[in-house]
Structures are given as structure tokens and as C-alpha cells.
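Scroll down for the structure; my scribbles are underneath it.
Every number in this text was worked out from the coordinates using simple rules, so none of it is lab data. From a predicted model like this one, the values you see are computed outputs, not experimental measurements. Neighbour counts are summed over all protein chains in view; Cβ atoms, including those assigned to glycine, are modelled from backbone coordinates with ideal geometry.
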Amino acid sequence: RSPPAAVVGAGLGGSAVAYFLQQHFGPQVQLDVYEPAGVGGRLATVTVNKQQYESRGASIHALSLHMQDFVKILGLKHRREVPGKSAIFSGEHFVLEETDWYLLNLFRLWWHYGISFLRLQMWVEEVMEKFMRIYKYQAHGYAFSSLEELLRSLGGDAFVNMTQRSVAESLLEVGVTQRFVDDVVAAVLRSSYGQSVLVPAFAGAMSLVGAQGSTWAVDGGNKLVCSGLLKLTKANIIPARVTGVSLHSSEGRPLYQVHYEDSEGQGSAFYDMVVVTTPLHPSRSNFTFENFEPPIADFPGAFQPSVTSVVHGYLNSSYFGFPDPKLFPFASILTTDTPDLFFNAMDNICPVNVSAAFRRKQPQEAAVWRVLSQQPLDKQQLKTLFRSYYSVQVTEWQTYPRYDAARSLPPIVLHENLFYLSGVEWVASSMEMIAVAAKNVALLAYNRWHQDLEKIDQKDLMHKVKTEL
């Protein structure tokens, strides 16, 4: 028989794990997905002038194979690319400006930073090449019971260590200069994680991959992947907030009671298997586990507050050293780690549906800008960035883990058939990372349910997979 299973959360993690569970256990698996807020989680959109814009989680890398698959299976399309130049701003001047011409960009990077740029690329490529092994392992049904085991199978102890030391340290070690780290690497990490070059090397590498061009987004909004996968699995979506899980046993098997609150009050239901895809950190949820022996430990760590302001208005280009707005050439501005800079990045964003006739607004016209910052922007700061504006929509999130190095990674297995998916964000936080973790949890749940221990935490998988082929 296939187990009735509960999935807590209907963001990308929840929808992907529901899809993969059904893939492995078969169409008869009973799936309840609990979600109080609305499908899509952080992949949210805001509306300006009847058009929708992504407020977060915007770009997906070309190498994101699970995300590519979802889009194919669901019949979704890639959004049309609208090219735009970017630059890195120090608060006083631009330290690096992109041109229309790719080779000239490389030349500029080369001219400014010499061999650092090449060393960075080689370092990122080496990490990615090893990371890509996960797809082969998963295609063969292999799963890992901890994040450490998963990383070790891809890149040995070196990968595990990359979650414990900073990206700055790792890059300086391979000969990247401090100046390149401060100017370029810091700007990329500020725009992706809102944090400094002290984030762990692995999370840093994943964020730098995304900065190397060839990214895409889903036409109509990335959250369509979540609603699409849930429709496809015909999962039963329960609009309720899960408050905890308690353990019971039935005929020697664990039975999990999921407690929830909805508009009617409190309720509960029993399952053979539960996957939690929302963060279990005390700062993010007051989730309780009862009757577990030994008790399920607390989850250490905090989350980074980040603020997205979607502003419809006229850019104040003179703040950036362009008194004539017509001459302002950039669609996206990254920033270096300067104490008096009050924003991490800003970009002139396109709607989630980009028609063939769509063109980017000229810099002197009113456009929709997305500004990422740590704190909400005050009136004075908005005035600094915009000459005038029609509307400002602010979303405050606790998006990313606050990456302090030297922290043990959260567990995947909380109890026999009780799994935790969100811990993967402490390795790196991206849509693909979550999809990879969802596939791993589904395979792990399946292999454990069928006692197929040959498929869990195997050593020397590269060799095994080669011989299986």
C-alpha cells in the first residue's frame, strides 16, 4: 500500500516534493498539502498598473535541470529575455560598467582585475561540475539521509568544508585578489543573499553561478511552477497553518498526527509520512513536536530580514553621476559593501508576461524598479533614488538564512518517516537547490519505506553509477 502523506507548505519545496512523492509512490498515493497563505510561497508577484511583477526569486540558471523539467512537463514557457546592462556602484562612482559588447566586458574585467576573473570562473565551474553529479545519482534512485552525506558524495570533504568557511577565504586561497572580492563578489552576494562575502563558500559559489549570465524565468511568473505541480499531482490543498506534529504508533509503525489551525479553529489528521518544507527555526515558526523520544532538537540559526520595494517612478540618475537621465545606460545596479549605502541592488524590472511588443522604458521615463534593501527605505532614501514616484509597494521577508560560518547543517530525517526539506537552504538557497532537495527527500522516503537501504548513503557513487550504465 502507499502511505497517506502530509506536506507542510506549498512553496516550491512543497509542490516539488508532492510531485516527486507521487512519481515514486505512484498515482494512488494520498497527498495532503497544508498551506495557510497561498500557493507559491516566496515566489510572489505584485501588481503595478494592472501588470504583475516578480517581487522575489526571479532568475533560474540554465543548468537548473529539475526546474527545466518542471517547465517542460507543465507546458510553461521561458519568459522572453529583455536585455539590459548592469553596473556596480560604490556609493560614489561605478566601479564596473557593463557594455553592449560581450568581449569588451571580458576585456574590462580582465583589465581591471587581471587573472582574478579567470580564477573565479574556474573555481565556480569546478564546483558546478561536481554538483551536476546529483542528477545522475537521482536518476538512478540514490538518496542521502543528511546534507553532509549528499555533499560528500558530490565533492568529498571539500564540499562539506565549503559550508563551514567563507567564500572570501576560499577565493583568496585560489589566488583571487581582495579587490576583486570586494568589488565584484561582494556586489553579487549583496544582490542575491543581501549578505557579505562572509557567506559560506558553497552558498557563494551557487550565487556566483547565477551571475554568469544564461538565466531565465517562467513566462507568467515563477510561481506557476508551484500551482502547476500541485494540479498535476491532484494533491489535496488544505488552507491551514500547521502548528505541530505528535507521534503515535499503530501496529509497530509510527503514525504522525498533524495539528493545524484554520478559519474554523483547530483540527488534526493522521499520516504515515510527513514532509515539512517550511523553516523550523524558532524565529520563523512556533512548531511543536510531541511524544518524540529522544525529543527533536531545536534548530539553531537566524534568518536575514530583507525588504523588496517595487517602485513605479522616475529614477534620479544624477545620484549615480548622470545629470542627464537620457544618458543613464543601466537596467540593473549592484552595490559594493559600503557602510552608507542603504540598498543592496536595484533593477528596472519587466512584467511576468513579456509580450513581443514590450520594450524597456527609457531612463527618462517612469519605470518599475525593484529595490532590495535590509531595512525599509525611508522617504529621504526614496527621494535619493527617485526624482518622483507614483507608487511604492513594500514586502518584508525573512528570506535567507543568516549565513554565519561554522554551523552544523540541519537534519533531513527528523524521525522514521518524518522529513525536513528547508534545511537545504543552509547549504545554499536557490530554486534549483530546493528542487534537488525535494527529489532527494522523495527518494529517501521511498527507499526507507521499501527498506531499500542499498539506495541510501552509498559510498563511491560515481563508480557505481558508471557500472550501472
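If only the Cβ of Lys and Arg carry +1 and only the Cβ of Asp and Glu carry -1, the dipole of the range 1-149 around its Cα centre is close to 400 debye.
With Cα atoms as the point set, the range 47-157 shows a radius of gyration and Dmax of 19.3, 53 Å.
How large is Rg over Rh for the range 35-106, taking Rg from the Cα atoms and Rh as the Kirkwood inverse mean of 1/r across Cα pairs? Value, to two decimals: 1.07.
Among the trypsin sites (Lys or Arg not before Pro) within the range 54-129, those in coil by DSSP and having at most 16 neighbouring Cβ atoms inside 10 Å are Lys77, Arg80. Taking the Cα centroid of the range 254-287 and of the range 53-75, what is the distance between the two, rounded to the nearest whole Å? Cα centroid of the range 254-287 versus Cα centroid of the range 53-75: 28 Å apart. Between the helical axis of 431-449 and the longest alpha-carbon principal axis of the chain there is an angle of about 10 degrees. Projecting the Cα positions of Ser249, His24, Gln266 onto the charge dipole of the chain (unit charges on Cβ atoms of Lys, Arg, Asp and Glu, taken about the Cα centre) puts His24 furthest along the positive direction. What longest region of the chain stays clear of GluC sites (Glu not before Pro) that DSSP places outside H, G, I, E and B and that have at most 12 other Cβ atoms within 10 Å? The reported range is 93-250.
Taking only Cα atoms of the chain, what ratio of Rg to Rh do you get with Rh as the Kirkwood inverse-distance radius?
Here the Rg-to-Rh quotient is 0.97.
Above 27 Å, the calculated P(r) of the range 302-431 contains 36 percent of its Cα-Cα pairs. Residue farthest toward the positive end of the dipole of the range 53-182, with Cβ of Lys/Arg at +1 and Asp/Glu at -1: which of Ala168, Leu150, Ile60? Comparing the listed Cα positions along the dipole, Ile60 ranks first. Other residues lying with their Cβ under 10 Å from the Cβ of Ser317 contribute a combined charge of +1, Lys and Arg counting +1, Asp and Glu -1. Projecting the Cα atoms of Thr467, Ile296, Met431 onto the charge dipole of the chain, computed from C-beta unit charges around the Cα centre, puts Met431 farthest toward the positive end.
Straight-line cross-link partners of Lys72 among the aspartates and glutamates, defined as a Cα under 17 Å from its Cα and at least 8 positions apart when in the same chain: Asp219, Glu432.
The sum of -39500 (n - 2.57) across all DSSP H runs of n ≥ 4, divided by the residue count of the chain, sets its helix-only mean residue ellipticity at 222 nm to -9000 deg cm²/dmol.
Diagonalise the Cα gyration tensor of the range 254-315 and give the resulting equivalent ellipsoid semi-axes, square root of 5 times each eigenvalue, largest first, whole Å. Before the final figure, lay out each step's value.
Details: eigenvalues 233, 65, 20 Å².
Equivalent ellipsoid of the range 254-315: 34, 18, 10 Å, largest first.
Qualifying trypsin sites (Lys or Arg not before Pro) in the range 414-469, where qualification requires a DSSP coil assignment and no more than 11 other C-beta atoms within 10 Å, comprise Lys459.
Computed about the Cα centre, the dipole magnitude for the range 145-185 is approximately 40 debye when only Lys and Arg (+1) and Asp and Glu (-1) carry charge, each at its Cβ. Think of each Lys and Arg Cβ as +1 and each Asp and Glu Cβ as -1; about the Cα centre, that makes the dipole of the chain roughly 1260 debye.
Where does the range 199-356 land on the Kirkwood hydrodynamic radius, alpha-carbon pairs, in angstrom? Before the final figure, lay out the partial values.
On the way: mean 1/r = 0.0470 Å⁻¹.
Mean inverse Cα-Cα distance, inverted, gives 21.3 Å.
For the residue pairs Lys136/Lys231; Lys85/Lys223; Lys361/Lys439; Lys50/Lys383; Lys85/Lys231, the alpha carbons lie more than 30 Å apart in Lys361/Lys439; Lys85/Lys231.
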